[in-house]
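Values quoted throughout were computed directly from the atomic coordinates according to the rules given, and no laboratory measurement underlies them. Every value quoted in this text rests on a predicted model; they were computed, and no experiment measured them. Glycine gets a Cβ as well: all are built from the backbone with ideal geometry, and neighbour counts include every protein chain shown.
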Amino acid sequence: MREERGQKGQSLAELAVVLPLLLLILLGLIDLGRVFHAFIVVENAAREGARYGASHPGALAAAAAAAVAEAEGAGIAPVSPSVRREGDVIQATVSFEFRLISGFLGIGPITITGTAQMPVLTAS
């Protein structure tokens, strides 16, 4: 097969056009996976705070600490927990400011919030 003059650098030019787009797609996929992981961890931390608060309704500060420990154990820190009692229900809310790898594109941090409710356990 004979190469025509001027076509030798064509594949390099095509790579230069396509490579940035492929890298942006790759960064987007990585960020998507990281956001999904952070969402699961924040939901679990809220659930753990509500569970602890339902078992120990007088120790809401300890329930918030349990939510923080759950998130930190999974590598998500710092989180902002809030645990409160509303009647016979404990509600825990955990928030996390997530920073994207692709934040250089002007996309700011995303706030991920998880909420869980559990009924207060009473001794019978």
Quiz item: Between the helical axis of 10-55 and the dominant principal axis of the chain, each derived from Cα atoms, what acute angle in degrees is found, rounded to the nearest 10?
Solution: 0
Quiz item: Out of region 1-109, which GluC sites (Glu not before Pro) are coil in DSSP terms and have no more than 16 other C-beta atoms within 10 Å?
Solution: E3, E4
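Over the chain, what is the mean sequence separation of C-alpha contacts under 8 Å (at least six apart), divided by residue count, expressed as relative contact order in percent?
Rounded, it is 25 percent for the chain.
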Self-check item: Share of alpha-carbon pairs per 5 Å distance bin for the chain, given as whole %
Solution: 2, 11, 16, 14, 11, 9, 7, 6, 5, 4, 4, 3, 3, 2, 2, 1, 0, 0
Quiz item: Which stretch or stretches of region 19-55 have amide N atoms under 16 Å from the point lying 7 Å from T122's Cα along the Cα→Cβ direction?
Solution: 54-55
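Which of the peptides 50-56, 113-119 is most tightly packed, and how do the rest follow, going by the mean number of other Cβ atoms within 10 Å of each residue?
For the peptides 50-56, 113-119, the packing ranking is 50-56, 113-119.
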Exercise. Taking the chain as the reference, fit the longest principal axis to its C-alpha atoms, fit the long axis of helix 60-73 to the helix C-alpha atoms, and give the angle between the two in degrees, 0 to 90, nearest 10.
Key: 30
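Highest first, please rank the peptides 31-42, 99-110 by the mean number of other Cβ atoms sitting within 10 Å of their residues.
Those peptides, ordered most packed to least, come out 31-42, 99-110.
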Practice problem: Round to a whole angstrom and tell me the spacing of the C-alpha centers of region 21-52 and region 65-88. | Solution: 16
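Counting only other residues whose beta carbon sits under 12 Å from that of T113, what net charge do I get with K and R as +1, D and E as -1?
-2
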